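Below you'll find the structure, written out as structure tokens, and then a few comments.
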Amino acid sequence: MSIQMAKQHRTQHAAPAGLVDNAPVDAVALEFARRLQVHLDKKGWSQSDLAREATKQMAKGEVTRDSVSKYINARFLPGNTKLHAIARALGVEADELRPALGVTGTGEKHAAMGVRDLGEGKAWLRINQPVEWTTALKILEILKGDANE
């Protein structure tokens, strides 16, 4: 399968409920993958461990190791049933795994911007709002400069 076909295939799958319909699925999948990996690392679990434990949380069906691999590699997003089973297995709320892009399933809006202190003079910056291309390019240029220092 070509890269273009893979992108088209991936974007045909709906993002988990609670995300804005026009949110870029690739970006959502990457952020979900990052969050999932963080929680796996905290537990010291392998992908197989997560698949096994998440399957125990499902009334029917299963979460396969192959599915977990696809989530970790940002190739697919889980549907709500699997998302909640994974969250329960990890002992977290689904919203801790689900990227906060736009409107949640409850209609509550997330903040457009946020900053969190990471210590050692660093901060985690989140910007989730539409901006003009000129503004976006300026921000990217600033971030590129920071990365080179």
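The values are calculated or read from the model by the stated rules, or taken from the named source; none is laboratory data. Nothing here was measured: the structure is a model prediction, and the numbers come from that model. Note: ideal-geometry Cβ built from the backbone for every residue, glycine included; neighbour counts use all protein chains shown. Heavy atoms of the whole protein, side chains included, go into the accessibility calculation; ligands, DNA and RNA do not. Shrake-Rupley method; radii C 1.70, N 1.55, O 1.52, S 1.80 Å.
I'm checking my understanding of the structure. Among residues of the range 35-55 that are out of contact with any helix residue (DSSP H, G or I) (no Cβ under 7 Å at 6 or more places or on another chain) and more than 20 Å from P99 (Cβ to Cβ), which one is surrounded by the fewest Cβ atoms within 10 Å (Cβ to Cβ)?
Looking at the filtered set, the residue picked out is G44.
Do we find that R88 is touching a residue at least 24 places away in the same chain (Cβ under 8 Å), assigned to a helix (DSSP H, G or I), within 30 Å of N128 (Cα to Cα) and over 13 Å from the mean Cα position of the chain (by Cα) in this structure?
yes
What are the pairs with Cβ atoms under 8 angstrom where one residue, in the range 67-83, is free of Cβ contacts under 8 Å to residues at least 24 places away in the same chain and the other, located anywhere, is surrounded by 22 or more Cβ atoms within 10 Å (Cβ to Cβ) and assigned to a loop (DSSP other than H, G, I, E, B)? Sequence gap at least six, or different chains.
Cβ pairs passing all conditions: S67/P78.
Could you identify the single residue in F32, F76 that is at pLDDT below 95, part of a helix (DSSP H, G or I) and open to solvent by less than 60 Å² (accessible area, probe 1.4 Å)?
So the residue among F32, F76 that is at pLDDT below 95, part of a helix (DSSP H, G or I) and open to solvent by less than 60 Å² (accessible area, probe 1.4 Å) is F32.
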